[in-house]
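**Student:** Take a look at this one; I'll ask things after.
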Amino acid sequence: MKLSIIVPAFNEEKTIFDILIKLSKIKNALIDIEIIVVNDGSTDGTKKILDENKDLYNVLINNDSNRG
């Protein structure tokens, strides 16, 4: 069984790292967890944090502008 968790992010520079750390702690051998982050055109440092911590998620979808 695979569980996909989608994390929407727009200007979450102050919280995105902590959120991804918490999600990575719930991974276990019983459930295959996939973390998908959608950076929705952030204009702060969110993208930089995501780029520096690629080991905390499986897929990054980067929107150039905010799509709401």
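The values are calculated or read from the model by the stated rules, or taken from the named source; none is laboratory data. For clarity, every value in this text was computed on a predicted model and none was experimentally measured. Here the Cβ positions follow ideal geometry from the backbone for every residue, glycine too, while neighbour counts run over all protein chains shown. Note: areas computed on protein heavy atoms with side chains; ligands, DNA, RNA excluded. Shrake-Rupley method; radii C 1.70, N 1.55, O 1.52, S 1.80 Å.
**Student:** Filter the stretch 10-31 down to the residues that are part of a loop (DSSP other than H, G, I, E, B) and farther than 25 Å from Gly68 by Cβ and list them by number. Reasoning before the result, please.
**Tutor:** Applying the first criterion (part of a loop (DSSP other than H, G, I, E, B)) to the stretch 10-31 yields 10-15, 26-31.
Answer for the stretch 10-31, where residues must be part of a loop (DSSP other than H, G, I, E, B) and farther than 25 Å from Gly68 by Cβ: Ile26, Lys27, Asn28, Ala29, Leu30, Ile31.
**Student:** Show the residue pairs that are 6+ apart or on different chains and have beta-carbon atoms under 9 Å apart, the first residue being within the stretch 33-60 and on the phi > 0 side of the Ramachandran plot, the second being among the basic types (Lys, Arg).
**Tutor:** Hits for this filter: Gly41/Arg67.
**Student:** With respect to the numbered conditions (1) in a loop (DSSP other than H, G, I, E, B); (2) in contact (Cβ under 8 Å) with a residue 40 or more places away in the chain, which one is the sole condition not fulfilled by Val7?
**Tutor:** Unmet condition: (1).
**Student:** Mind listing whichever residues of the stretch 32-68 are under 10 Å from Ala9 (Cα atoms), part of a helix (DSSP H, G or I) and either among the small types (Gly, Ala, Ser) or open to solvent by 50 Å² or more (accessible area, probe 1.4 Å) (or both)?
**Tutor:** Lys47
**Student:** Considering only residues that are open to solvent by less than 90 Å² (accessible area, probe 1.4 Å) and closer than 23 Å to Lys48 by Cβ, which ones fall in the stretch 11-31?
**Tutor:** Within the stretch 11-31, Asn11, Glu12, Glu13, Thr15, Ile16, Phe17, Asp18, Ile19, Leu20, Ile21, Leu23, Ser24 meet the criteria.
**Student:** State whether the residues of the stretch 7-29 include one that is out of contact with any Pro (no Cβ under 8 Å at 6 or more places or on another chain), small (Gly, Ala, Ser) and at pLDDT 95 or above.
**Tutor:** Among the residues of the stretch 7-29, at least one is out of contact with any Pro (no Cβ under 8 Å at 6 or more places or on another chain), small (Gly, Ala, Ser) and at pLDDT 95 or above, which makes the answer yes.
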